[in-house]
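Novice: Structure incoming, see below.
Here, each number is a calculation from the coordinates, and none is a lab measurement. Keep in mind the model is a prediction, meaning the values are calculated, not measured. With ideal geometry, Cβ positions are generated from the backbone for all residues, glycine too; neighbour counts draw on all protein chains shown.
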Amino acid sequence: MSAIVQAENLSRFYGMVLGLNNVSFAIQPGITGVVGPNGAGKTTLFRLLLGQIRPSAGLLSVFGSTPWNNPAVQALVGYCPEGEQMPPGLRPLDWLVGLGLLSGLSTAEAKRRAQASLERVKLAPEHWSKRVTAYSKGMKQRVKLAQCLLHEPRLIVLDEPMNGLDPMGREDIASTLRQLAADGTSVLISSHILQDLEALCADFILLRWGRIPRSLNEGVSAETRARWPAATTFRCGAPAQLARFFFDRGLMQGCDIEADAGTLHVRWIDPQRFYAEFDRLLLESGVPIYEVSATESFLEKAIEPASSP
Amino acid sequence: MNANPPANPRPSTAPALRHEKPRWSRTFAGVWRLTIPRYFTARHALVLTAVLAGVALIAILFLRGRNGPANYLGWTANFYFTFLVPVLAFVTGGGVIRDEMKSPTLDYILTRPVPKPAFVAFTFVAHSLAAEIEFLLAGAIFVAVGLCYRAPGLLAAIPSLLVAQAGLVAGFTAFGFLCGAVTARYVVVGLVYGAIIEIGVGQIPTELNRLSMTHQVKSMLQPILAGHGSQFSNGIELLAPAAMLSTIGVLLAFTVVSVVLAAVVYSLRELARVNE
């Protein structure tokens with residue numbers, strides 16, 4: 001499988017300020033999440049990929065070419081920015097048709113694709129006659145996504161596309177992105193909503209202070225993610241009884257019980273032992289179980305050192 | 001529970017890069033569609049109305065002064081066509097290119113396969129056409145107010161004034177593009193240029209004064225001003241009709257050179273850094 005983006009010893013500095021510092025990575029086709037705290041270098045990475053800035057050092061190739069001022073690369077890339085600034089005086093169809101023309105589409109084709117894109121992101125037609133500057137945050141996110149689908153790019157770069165969306169809206173966007181990936185479009189997405197990224201992405205790039213620390217990225221490797229979670233949360237009828245049951249069988253290293261909420265957080269000695277026969281064990285406990293979930297997400301766990309003092 | 005990686009079908013190969021020829025007509029149509037609606041916003045209409053009202057007020061104040069109608073043509077040529085028009089064209093041109101260095105242009109247009117020089121050139125054409133129309137409105141107000149006060153020679157001068165205005169709008173809009181592409185302090189650059197070239201060099205009674213675009217235009221308008229004995233006609237040499245064409249050529253060259261340089265500067269700059 002050939003990488004669509006490759007970076008070798010890539011650095012970007014803004015005078016004395018560090019943007020990216022000597023990072024090497026490859027992005028494979030599919031959905032890849034970019035995770036990191038504010039100032040980690042996500043926007044710098046995106047701007048480099050979009051050809052808006054040049055690397056200070058190192059090599060970067062997108063579809064085998066350098067992206068700086070390269071229309072051939074830009075023809076294959078779509079971008080959905082984080083900012084909410086929209087062009088004044090334009091309605092969504094006018095805006096999308098104009099952008100479609102800039103992407104080389106004919107007027108008729110641009111109109112057809114503009115309508116299709118707006119329908120794809122589920123922006124209701126009754127809102128098409130409003131000016132985009134008058135849109136709510138959620139509607140702006142949808143029309144921003146629509147404009148980046150317009151020219152059917154092979155790589156979509158999404159900077160915080162879930163911001164301002166309700167859970168249903170987020171699921172709409174997520175299902176659109178899954179469908180795009182299934183159709184062969186690669187997606188590079190950043191979001192502070194880690195659960196969404198975990199559910200969506202096959203690969204991750206974890207950034208911290210302009211670097212891609214190996215230890216952090218090992219924590220989100222496919223191999224690590226294939227392991228069972230080290231801690232599990234149960235919402236159940238009798239958390240204390242369930243804790244005793246696990247303890248008696250030598251499965252549990254420790255636990256926290258929230259009796260009022262009916263919640264039990266369990267840390268396993270060996271998660272594999274529980275998950276190998278969890279259905280039988282839970283039935284055997286005789287405790288009514290309402291919900292089972294991983295206590296902490298692997299992304300939260302992986303970036304934990306970054307947020308700790 | 002996310003114990004396993006999400007099912008995410010992956011294509012096995014990355015697509016090959018295609019170097020397609022730019023389709024200039026579509027690019028221009030796109031720039032036109034995205035530029036022109038800006039002139040139809042409520043805010044823009046309000047600003048335009050205020051400017052036009054200001055223009056009318058200035059004209060009326062002059063005409064009510066001593067010998068106002070008699071000197072109106074000369075004053076119009078000197079104040080409006082060779083001062084106000086260049087200043088406004090320069091400021092709006094600089095403002096347009098500065099806006100094109102920010103979001104949403106940066107995020108939505110420059111991430112598309114549009115060569116930056118072509119984008120600058122097409123934006124200039126679209127903006128200049130819109131600006132020419134707006135300046136026509138302002139010019140019409142000057143003429144209408146003058147006609148109301150029976151200013152002599154105005155009707156006969158209209159064709160020459162229109163040519164002068166069209167050339168100045170294009171030239172100084174382009175120069176505004178160039179200065180705006182170079183620096184955010186383009187107004188300061190414009191003031192320095194105006195003081196040194198347009199006012200300073202333009203007053204030197206040698207061939208050097210042809211570097212001043214407004215001097216070129218004043219020279220072009222001189223025959224109509226001289227015919228009406230205007231107090232503003234002193235000290236400017238007369239030009240033959242052939243020389244008028246050369247003035248238009250010089251303005252055109254000034255426009256083209258400014259736009260080309262603006263496009264080069266715009267292409268070479270890392271525009272994403274402008275907003276940081």
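Novice: What share of Cα pairs, in percent, lie more than 21 angstrom apart in the stretch B:9-156? Kindly include the intermediate steps, with their values, before the conclusion.
Specialist: Working: 6233 of 10878 pairs.
Here the long-distance tail beyond 21 Å is 57 percent of all Cα pairs in the stretch B:9-156.
Novice: If you don't mind, another one. First select every other residue whose beta carbon is under 15 angstrom from the beta carbon of A:Glu284; then total the charges, Lys and Arg +1, Asp and Glu -1. Please list the in-between numbers first.
Specialist: Details: positive: A:Arg244, A:Arg249, A:Arg273, A:Arg280; negative: A:Asp248, A:Glu277, A:Asp279.
Once all neighbours under 15 Å are counted, the net charge is +1.
Novice: Give the Rg (one decimal place) followed by the Dmax (whole number) of the stretch B:94-233, computed from C-alpha coordinates and expressed in Å.
Specialist: Taking only Cα atoms of the stretch B:94-233, I get Rg and Dmax of 18.4, 57 Å.
Novice: Would you compute, from DSSP H runs of 4+ residues alone, the mean residue ellipticity of chain A at 222 nm, taking -39500 (n - 2.57) per run and dividing by the full residue count, rounded to the nearest 500?
Specialist: Numbers: 13 runs with 117 residues, N = 309.
Helix contribution divided over all residues of chain A: -10500 deg cm²/dmol.
Novice: From the square roots a ≥ b ≥ c of the eigenvalues of the alpha-carbon gyration tensor of the stretch A:133-204, which class results: rounded (a/c under 1.5), prolate (a/b over b/c), or oblate?
Specialist: Details: a/c = 1.86, a/b = 1.17, b/c = 1.60.
Judged from the Cα gyration tensor, the stretch A:133-204 comes out oblate (a/c at least 1.5, b/c at or above a/b).
Novice: Taking neighbour counts of Cβ atoms within 10 Å as a proxy for exposure, in what order, fewest first, do B:Thr111, B:Thr35, A:Thr295 appear?
Specialist: On the way: B:Thr111 28, B:Thr35 22, A:Thr295 16.
Sorted ascending by nearby Cβ count, the order is A:Thr295, B:Thr35, B:Thr111.
Novice: Take the alpha-carbon positions of the stretch A:1-141, form their convex hull, and give its projected area averaged over all directions (one quarter of the hull surface) in nm². Walk me through the numbers before you get to the answer.
Specialist: Values: hull surface 40.9 nm².
Its Cα hull, projected and averaged over all orientations, spans 10.2 nm².
Novice: Using a simple charge model, +1 on the beta-carbon of Lys and Arg, -1 on the beta-carbon of Asp and Glu, nothing else, what dipole does chain A show about its Cα centre, in debye to the nearest 20? Spell out each step's value before the answer.
Specialist: Numbers: 31 positive and 31 negative charges, 213 e Å.
In debye, rounded to 20, chain A gives about 1020.
Novice: Given a Förster distance of 35 angstrom, what is the FRET efficiency for B:Val188 paired with B:Arg43, based on the Cβ-Cβ distance and rounded to 0.05?
Specialist: Calculated transfer efficiency: 0.85.
Novice: Which whole-Hz ³J(HN,Hα) couplings does the stretch A:203-210 yield from phi under the Karplus relation 6.51 cos²θ - 1.76 cosθ + 1.60, θ = phi - 60°, glycine and proline marked x?
Specialist: 9, 9, 10, 9, 10, 8, 6, x
Novice: Roughly speaking, what is the centre-to-centre gap between the stretch B:74-119 and the stretch B:137-176 when only Cα atoms are used, to the nearest Å?
Specialist: With the stretch B:74-119 and the stretch B:137-176 each reduced to a Cα centre, they are spaced 21 Å.
Novice: Once Lys and Arg get +1 and Asp and Glu get -1 on their Cβ, which of A:Tyr275, A:Ser103, A:Ser293 lies farthest toward the positive end of the dipole of chain A?
Specialist: A:Ser103
Novice: Compute the distance from the alpha-carbon center of the stretch A:75-121 to that of the stretch A:167-218, in whole Å.
Specialist: 23 Å
Novice: What fraction of the DSSP beta bridges in the protein assembly as shown is antiparallel, stated in percent and rounded to the nearest 5? Present the calculation step by step, with values, prior to reporting the outcome.
Specialist: Values: 30 of 47 bridges.
Expressed as a percentage, antiparallel bridges in the protein assembly as shown total about 65.
Novice: Evaluate the charge dipole of the stretch B:52-142 about its Cα centre and quote only its size in Debye, nearest 20, assuming +1 on the Cβ of each Lys and Arg and -1 on the Cβ of each Asp and Glu. Kindly include the intermediate steps, with their values, before the conclusion.
Specialist: Details: 6 positive and 5 negative charges, 40 e Å.
My answer is approximately 180 debye.
Novice: I would also like to ask the following. Would you work out which of A:Leu93, A:Pro161, A:Cys201 lies farthest towards the positive end of the dipole of chain A, given +1 charges on the beta-carbon of Lys and Arg and -1 on that of Asp and Glu, about the Cα centre?
Specialist: A:Leu93
Novice: Quick one: angle between helix A:92-102 and the longest Cα principal axis of chain A, in degrees between 0 and 90, rounded to 10, please.
Specialist: Around 70 degrees separate the two axes.
Novice: Pairs of alpha-carbon atoms within less than 8 angstrom and 6+ residues apart define the contacts here; what relative contact order does the stretch B:91-222 have, in percent? Don't skip to the end; give the middle numbers.
Specialist: Details: 90 pairs, mean separation 44.1, N = 132.
Computed value for the stretch B:91-222: 33 percent relative contact order.
Novice: Would you work out which of A:Ala114, B:Tyr39, A:Thr233 lies farthest towards the positive end of the dipole of the protein assembly as shown, given +1 charges on the beta-carbon of Lys and Arg and -1 on that of Asp and Glu, about the Cα centre?
Specialist: Most positive-ward Cα: B:Tyr39.
Novice: While we're on this one: Around A:Gly78, under 13 Å between beta carbons, what's the net of Lys plus Arg minus Asp minus Glu among the other residues? Can you show the working numbers first?
Specialist: Numbers: positive: A:Arg113, A:Arg120, A:Lys144, A:Arg154, B:Arg112; negative: A:Glu152, A:Asp159, B:Asp107.
Here the charged neighbours net out to +2.
Novice: Further question: Sort A:21-29, A:118-126 for me by packing, meaning the mean count of neighbouring Cβ atoms within 10 Å per residue, highest on top.
Specialist: On the way: A:21-29: 17.9, A:118-126: 15.1.
In descending order of packing, they fall as A:21-29, A:118-126.
Novice: How high is the relative contact order of the stretch A:54-138? Use alpha-carbon pairs under 8 Å, at least six apart in sequence, and give a whole percent.
Specialist: Working: 56 pairs, mean separation 25.7, N = 85.
Relative contact order comes out at 30 percent.
Novice: Continuing with this model, one more query. Over the Cα atoms of chain A, Rg to Rh with Kirkwood Rh, two decimal places?
Specialist: Details: Rg = 22.8 Å, Rh = 21.7 Å.
Here Rg/Rh amounts to 1.05.
Novice: Okay, next question. For the protein assembly as shown, give the magnitude of the charge dipole about the Cα centre (Cβ charges: +1 Lys/Arg, -1 Asp/Glu; no others), in debye to the nearest 20. Numbers along the way, then the final one.
Specialist: On the way: 51 positive and 42 negative charges, 312 e Å.
Approximately 1500 debye in magnitude.
Novice: Turning to a different aspect of this structure: Hey, which aspartates and glutamates would be in cross-link range of A:Lys111, C-alpha to C-alpha under 15 Å, not counting anything within fewer than 8 residues on its own chain?
Specialist: Within the straight-line cut-off, A:Lys111 pairs with A:Asp94, A:Glu119, A:Glu152.
Novice: How many percent of Cα pairs in the stretch A:97-172 exceed 18 Å?
Specialist: Working: 1145 of 2850 pairs.
Cα-Cα pairs of the stretch A:97-172 separated by over 18 Å account for 40 percent.
Novice: Still on this model: What is the Cα radius of gyration of the protein assembly as shown over 2.2 N^0.38 Å, N being its residue count? Walk me through the intermediate numbers first.
Specialist: Working: Rg = 32.1 Å, N = 585, 2.2 N^0.38 = 24.8 Å.
Normalised Rg, Cα atoms only: 1.29.
Novice: Given A:Lys140/B:Lys102; A:Lys140/B:Lys116; A:Lys130/B:Lys116; A:Lys122/B:Lys116; A:Lys42/A:Lys122; A:Lys130/B:Lys21, which pairs have Cα atoms separated by over 24 Å? Provide the component values of the computation, followed by the final result.
Specialist: Working: A:Lys140/B:Lys102 18 Å; A:Lys140/B:Lys116 26 Å; A:Lys130/B:Lys116 30 Å; A:Lys122/B:Lys116 33 Å; A:Lys42/A:Lys122 28 Å; A:Lys130/B:Lys21 35 Å.
With Cα atoms farther than 24 Å apart: A:Lys140/B:Lys116; A:Lys130/B:Lys116; A:Lys122/B:Lys116; A:Lys42/A:Lys122; A:Lys130/B:Lys21.
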